[in-house]
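Below: the structure, in structure tokens.
Rule-based calculations on the coordinates, nothing more; no lab input. The structure presented is a predicted model; accordingly, all values stated were derived computationally and were not measured. Cβ sites come from the backbone with ideal geometry, for glycine too, and all protein chains shown count toward neighbours.
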Amino acid sequence: MQNNDHIILGGKPVAASVKEGLKARISALAEKGVTPGLTVVLVGEHPASQSYVRSKERQSAKLGFKSEVLRLTAETSEAEVLNTVSRLNEDRSVHGILVQLPLPKHIDSQKVIESIHPDKDVDGFHPVSMGKLVLGLDGFVPCTPAGIVEMIKYYNLETKGKHLVVVGRSNIVGKPMANLMLQKKEHANCTVTLCHTATPNMSEFTRQADILVVAAGVAEYVTADMVKEGVIVIDVGINRVEDASSEKGYRIVGDVDYVNVAKKSAAITPVPGGVGLMTVAMLLSNTVKSAENSLN
Ligand code: NAD
């Protein structure tokens, strides 16, 4: 049976609600003489990174942050990047440090991530943040999975006891997502299965999903035959595919064949306009949290 009554889980109202919720906290900080400070370090000229960084800059300025982008050339040495992070670690006006990934190949990303002070790790990629997440302790949660949890809360999606299947095991999306959703907490408490490139018979797993989170980075990878009726689909993918009919020559699609999968879904996130809108909102949220922590 086809279900055409699916709910579209747009990210726009959720991101707006997160940012609205930050305003009172930012005012409370201002009364104590604190302005949230976020510094983004961008090395090189990766086009997608440039556009992400502009969005971070614009949105943090809009909320009255002290926001700064340090643009370093692609030839910058690893030592210089580490020195920059070390200087920002010492700067009391900086509450959040984000080194935009991917970094040029001659720089060890993990080394750079580990050089950020865990108290300023607003991306949530530091091993200390990841460790806290796995243990269910309060800390900085990576922005994209944190944004998905906000969407789950906003749309009041039932998660307890549901089978949540994640496709993709990256450190920034798949792994933290799986770990968040298995916690014995509200808006989590799922039975979690994590699938990846070595998973045989992928459909066997995805068809069992009550909630399916797809972060594989493969355009329209999940097709209608891979899901069951009534599934809730969270599509994290952002992929450019050629499209001669579009002015730009390409269009953005997710990791899910949206048109056909939507017909079987109870609810589904669109791409664009879904999860992608949440990431920066959660970065701002983590930065406000860090500024608040700095008062303790
Ligand atoms: P990644 O390439 O680091 O990881 C992808 C993971 O998917 C890998 O662990 C790999 O094992 C798995 N995978 C790849 N192909 C697969 C296949 N055919 N079958 C099963 N598993 C497969 O990617 P990422 O950083 O996790 O990002 C995933 C997608 O999400 C990308 O499209 C990316 O652009 C997008 N993304 C969106 C946001 C956002 O703000 N919405 C944030 C981060 C990433």
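Here Gln208 and Asn296 are evaluated by their C-beta separation; at R0 = 51 Å the FRET efficiency comes out at 0.70. Note on the chain: with a GNM built from Cα contacts shorter than 10 Å, the maximum mean-square fluctuation among Asp123, Asp235, Asp138 falls on Asp138. Between Thr35 and Ser17, the modelled labels are 3.1 nm apart [label points 7 Å from Cα along Cα→Cβ]. For the chain, a Gaussian network of Cα nodes joined below 10 Å ranks Ser60, Ser115, Ser246 by mean-square fluctuation, and the top entry is Ser246. Among the GluC sites (Glu not before Pro) in the range 46-107, those located in a DSSP loop and surrounded by at most 12 other Cβ atoms within 10 Å of their own Cβ are Glu75. Among Val165, Val41, Val214, sorting on how many other beta-carbon atoms sit within 10 Å of each Cβ, with the fewest leading, yields Val41, Val165, Val214. Summarising the strand pairing of the chain, around 10 percent of its internal DSSP beta bridges are antiparallel. Excluding Glu31 itself, what net charge comes from residues whose Cβ is under 14 Å from its Cβ, given Lys and Arg +1 and Asp and Glu -1? Taking every Cβ under 14 Å from that of Glu31, the sum is +2. When each of the peptides 189-198, 252-261 is scored by the mean number of other C-beta atoms lying within 10 Å of its residues, the order from highest to lowest reads 252-261, 189-198. Please compare each pair in Lys23/Lys185; Lys132/Lys175; Lys105/Lys289; Lys32/Lys120 to a cut-off of 22 Å on the Cα-Cα distance and tell me which ones are over it. Beyond 22 Å: Lys23/Lys185; Lys105/Lys289.
Note on the range 171-296: along the principal axes its Cα atoms extend 53, 40, 28 Å, ordered by decreasing extent. Summing +1 for each Lys or Arg and -1 for each Asp or Glu among the other residues whose beta-carbon sits under 12 angstrom from that of Ala281 gives +2. Were the residues from Arg58 through Glu90 laid out at 0.36 nm apart, the gain over their Cα-Cα distance would be 9.0 nm. Taking each residue as 0.36 nm, the span from Lys153 to Ala266 lengthens on full extension beyond its C-alpha to C-alpha distance by 39.1 nm. A convex hull fitted around the alpha carbon atoms of the range 152-222 yields 93 Å³ per residue. Only helices enter this figure: runs of n ≥ 4 DSSP H residues, each worth -39500 (n - 2.57), summed and divided by the residues of the chain, yield -11500 deg cm²/dmol at 222 nm to the nearest 500. Of Thr269, Thr84, the sequence from fewest to most neighbouring Cβ atoms within 10 angstrom is Thr84, Thr269. Helix 143-154 and the longest principal axis of the C-alpha atoms of the chain enclose an angle of approximately 60°. Placing a pseudo-label 7 Å from each Cα along the Cα-to-Cβ vector at Lys160 and Ala48 gives an inter-label distance of 3.8 nm.
Only aspartates and glutamates eight or more places from Lys160 in sequence, or on another chain, were considered; those with a Cα closer than 17 Å are Glu150, Glu186, Asp210. A full extension of the chain between Ala74 and Ser170 corresponds to an added length of 32.1 nm, given 0.36 nm per residue minus the alpha carbon distance. Shape analysis of the chain based on the Cα gyration tensor places the equivalent ellipsoid semi-axes at 33, 22, 19 Å, largest first. Between 0 and 90 degrees, the angle of helix 78-90 with respect to the longest Cα principal axis of the chain falls at about 70 degrees. With equal scatterers on the alpha carbons only and no solvent term, can you work out the Debye log10 of I(q)/I(0) for the range 52-191 at 0.17, 0.22 1/Å? Computed log10 I(q)/I(0) values: -1.02, -1.38. Using the Kirkwood radius over C-alpha pairs as Rh, can you work out the diffusion coefficient of the range 10-128 via Stokes-Einstein at 10 °C, viscosity 1.306 mPa s, in µm² per second? Result for D is 104 µm²/s.
The angle between the Cα long axis of helix 278-293 and the main principal axis of the chain comes to about 40°, on a 0 to 90 degree scale. Using every pair of distinct Cα positions in the range 23-78, the Kirkwood expression returns a hydrodynamic radius of 12.6 angstrom. Cα centroid separation, the range 46-113 to the range 223-296: 24 Å.
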